[in-house]
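The values are calculated or read from the model by the stated rules, or taken from the named source; none is laboratory data. Since we're looking at a predicted model, the values are computed, not measured. Methodologically, a virtual Cβ is constructed for each residue, glycine included, from the backbone with ideal geometry; neighbour enumeration extends over all protein chains shown. Quick note on the areas: whole protein, heavy atoms, side chains included, nothing else; ligands and nucleic acids left out. Shrake-Rupley method; radii C 1.70, N 1.55, O 1.52, S 1.80 Å.
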Amino acid sequence: MKADIKLVAGNSNRALAEAIGAYLSLPLAKAQVRRFADMEIFVEIQENVRGQDVFIIQSTSFPTNDHLMELLIISDALRRASAKRITAVIPYFGYARQDRKAGPRTPISAKLVANLITQSGVDRVLTVDLHAGQIQGFFDIPTDNLFAAPLMARDIKDNMDTSNVMVVSPDVGGVVRARALAKRIDAPLAIVDKRRERAGESEVMNIIGDVSGRSCILVDDIVDSGGTLCNAADALLANGAKEVYAYITHGVLSGGAVARIASSRLKELVLTDSIQPTEAVKVASNIRAISVATLLGEAIGRTATESSVSSLFD
Ligand code: R5P
């Protein structure tokens, strides 16, 4: 590994940053990211970064605004310390769901956040499973959007009999993502189609595809409240599915989501560690995490040596 790479970790996911460092045989750079009494963020990079290729590892996960601000301030500190190139490694890019005007006089916050990151001095971005691929274009700097699907496919093949598996998208918007995973494990695809027939009536969940007797795998980018997932699992079981698993890249898991999933009929939810798993996640009997450390470590190494990252998409 080139000696002039530095890895700087924010506070969002220290465990993942350390795992990436271990993969690259590189210690994390000495840096302090702390708060003043009034909760302003203060950053001090405690080693020389002049002329170096620096990678900041920081997910903009809960508390999103604090972690975003940390990322911006770390980048500013590095830029003013004359780092040669700054790459923001953002395993989970928060605000991504606000990627279009959802109504009159509403913001496109994902674009605003991309602008803020660029303006802070970041030269390139490395991320995983953006909520929508087009968000890549919100950054006017090189942005690599890696996929967790190869890791998920490997985990499924290692742990399940794929001959009876059906991959399921929990909504129509997620079909492209689900189809990509289905193709990797050579499984058929079904779709949960949520429809409200008339205003005021509750949503009806229709399943497109025959799931009876199948081991279903729900695939999504984000699990937040867990509502989408648990409702889809119930609908699949009501339609004769044998059992339901879920593979989801980003475990946002707000509020009572972990309890909801723990008491749901989901056999297992497999997340990545793009967001640091909480204690509640770690002890939940039906939630397991697989790591994106190797994927990100490899992408960082290749970026540093100006090699292609495209084979990481295979
Ligand atoms: C939505 O477009 C996303 O892909 C997820 O389906 C959604 O964020 C999940 O949210 P929740 O867990 O709150 O239903």
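For the chain, the solvent-accessible area works out to 46 Å² per residue, with a probe of 1.4 Å and every protein chain left in place. Considering every alpha-carbon pair of the stretch 254-302, the percent of pairs per 10 Å bin, from zero through the bin containing the longest distance, is 24, 46, 19, 10, 1.
In the stretch 126-244, the inverse of the mean reciprocal separation of distinct Cα atoms equals 15.4 Å; this is its Kirkwood hydrodynamic radius. Taken as Cα centroids, the stretch 8-31 and the stretch 149-198 sit 32 Å apart, rounded to the nearest whole angstrom. Expressed as a whole percent, the accessible area of the chain that falls on carbon and sulfur atoms is 50 (1.4 Å probe). Beta bridges from DSSP with both residues in the chain: antiparallel share about 20 percent, rounded to the nearest 5. Basic side chains Lys and Arg get +1 at the Cβ, acidic Asp and Glu get -1 at the Cβ, and with that the dipole of the chain about its Cα centre reaches some 280 debye. Considering only PRO277, PRO150, PRO63, the Gaussian network model of the chain with Cα springs below 10 Å gives its largest mean-square fluctuation to PRO63.
Helix 227-238 against the longest principal axis of the chain: what's the angle in degrees, Cα atoms only, rounded to the nearest 10? In the chain, helix 227-238 runs at an angle near 30 degrees to the longest axis. Taking label positions 7 Å along the Cα-Cβ direction at both SER202 and SER310, the computed distance is 5.0 nm, reported to one decimal. Run the paramagnetic zone check for GLU44: 7 angstrom along Cα to Cβ, then residues of the stretch 61-83 with backbone nitrogen under 20 Å. Of the residues in the stretch 61-83, 70-83 have backbone N under 20 Å from the label point off GLU44. DSSP assigns beta bridges within the stretch 149-290; of those with both partners inside it, close to 20 percent run antiparallel. For the stretch 216-262 versus the stretch 100-148, the inter-centroid distance based on Cα atoms is 26 Å. Can you give the FRET efficiency to the nearest 0.05 for SER263 and ASP76, using r as the Cβ-Cβ distance and R₀ = 30 Å? It comes out at approximately 0.10.
Note on the chain: lysine pairs with Cα distance below 29 Å, sequence gap of 8 or more or different chains, count 23. Stretching ILE108 away from ASN159 to a fully extended chain increases their span by 14.4 nm, per 0.36 nm per residue minus the current alpha-carbon distance. Size estimate for the chain follows the Kirkwood approach: the inverse of mean 1/r over distinct Cα pairs works out to 20.5 Å. Exposed loop sites here are GluC sites (Glu not before Pro) assigned a DSSP state other than H, G, I, E or B and surrounded by at most 15 other beta carbons within 10 Å; excluding them, the longest clear run of the chain is 48-196. Sites listed here are chymotrypsin sites (Phe, Trp or Tyr not before Pro) in the stretch 8-117 whose DSSP assignment is loop and whose Cβ has at most 11 other Cβ atoms within 10 Å: PHE36. Restricting attention to the stretch 1-128, close to 25% of DSSP beta bridges with both partner residues there are antiparallel.
Would you compute the Debye intensity of the stretch 194-286 from its alpha-carbon atoms alone, equal scatterers and no solvent, and pass along log10 I(q)/I(0) at q = 0.17 Å⁻¹ to two decimals? Taking Cα atoms of the stretch 194-286 as identical point scatterers yields -0.74. The simple spin-label model puts a point 7 Å past each Cα toward its Cβ; for SER254 and LYS282 those points are separated by 2.5 nm.
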